[in-house]
């Protein structure tokens, strides 16, 4: 297969190195990593399975290689390349057909190798440690702090004081703000008895973790699944979300589509009378990117296989009142979902 990439995660997957100005080209058994002089020293040290080409004009270097090898068809992901750039390449390379393949790299990466699963498992373990560190902060000095200050503290806990990068900007939401699935931090302060939703992750050797917990802020504070809320309405919603989460993990099987796994979680919440409050998908793939294939959604047509890693994260959101989400990463192994 002949193809090109410029997305950094795609570059890293192909050859073990990336930069913000590079093109990866594969023509059958041969491959090239084209970059500028700022990155060639590191690239020559780290790139595997590809020839490093230094160029001031990356597209000109790409065209030269394609002409020399008389390429006739080249696949690319239209999400990585803008139409104007592809148009210029087509104009200067008559006879070469540029084939659009959406999610080209994600499709290649959808089934994780054993070494990738190990890295994702370690990312998830470290992510849990980050949550534990954040819980200790909340217990010692979190009360009275604003969501903005808590967000800052969560970032520090998940980064391990700069050791790791974040998978994404954390979500730290109190009470009514948690009803927004992607809530932004406000000046609302944390009080005893409040509901607190935290969604955060880190990167371990480029691989992401993703975890969400919704907790009751009481005399003791922890991110475990057992939570007891003062409000019966919140408790009912929490118990439904937890049951949906646990049911989807217990019943997911290799050979199901993403939509079928989504249905496992959604049916629990619907039977509990709160189906309209589950406003997003049940999960998404995780790897070098925080959102990858497969998508565990109503429209998820991908057949799930062993080696795929994705989240299970059902939720219930009541605008103006509260939001609840519980999320874990799983890997399909021996036909079943195993929590990482």
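Values quoted throughout were computed directly from the atomic coordinates according to the rules given, and no laboratory measurement underlies them. Remember, predicted model here, so these are calculated numbers, not experimental data. Don't worry about glycine lacking a Cβ; one is built from the backbone with ideal geometry, like all the others, and counts go over all protein chains shown.
Points worth noting:
- Here the calculated FRET efficiency for residue 118 and residue 91, from their Cβ-Cβ distance with R0 = 41 Å, stands at 0.35, rounded to the nearest 0.05.
- Centroid-to-centroid separation of segment 199-250 and segment 1-63 [C-alpha atoms, Å]: 41
- Linear extension gain, residue 148 paired with residue 63, 0.36 nm per residue minus alpha-carbon span: 25.7 nm
- Between the C-alpha center of segment 276-333 and that of segment 127-181 there is a gap of 21 Å.
- Label-zone membership for segment 163-195, site residue 139, 7 angstrom Cα→C-beta point, backbone N under 19 Å: 190-195
- Distance between the pseudo-spin-label points of residue 82 and residue 270 (7 Å out from Cα toward the beta carbon): 4.3 nm.
- Computed from label points 7 Å out along Cα-Cβ, the spacing between residue 132 and residue 99 is 4.9 nm.
- Of the peptides 298-304, 152-158, the order by per-residue mean of other Cβ atoms within 10 Å, starting with the highest, comes out as 152-158, 298-304.
- Our estimate of slack between residue 19 and residue 45, defined as 0.36 nm per intervening residue step minus the Cα-Cα distance, is 8.0 nm.
- Relative contact order (%) - criterion: Cα under 8 Å, at least six apart; region: segment 2-109: 24
- Packing, taken as the mean count of other beta carbons within 10 Å per residue, orders the peptides 324-334, 22-32 from highest to lowest as 324-334, 22-32.
- Working note: 222 nm ellipticity from helices only, DSSP H runs with n ≥ 4, each -39,500 (n - 2.57), summed and divided by the residues of the chain, gives -10500 deg cm²/dmol to the nearest 500.
- Classified by the C-alpha gyration tensor, the chain has a prolate form. Its axis ratio a/c, with a ≥ b ≥ c, is 1.5 or above, and a/b is larger than b/c.
- Rounded FRET efficiency, nearest 0.05, which uses the C-beta distance separating residue 299 from residue 72 and R0 of 35 Å: 0.50
- Cα gyration tensor category, rounded, prolate or oblate, for segment 186-275 with a/c compared to 1.5: oblate
- Prolate/oblate/rounded call for segment 247-295, Cα gyration tensor, a/c under 1.5 rounded: oblate
- Relative contact order computed over the chain (Cα-Cα under 8 Å; 6+ residues apart), in percent: 14
- Listed peptides 178-186, 258-266 by packing density, highest first (mean Cβ within 10 Å): 258-266, 178-186
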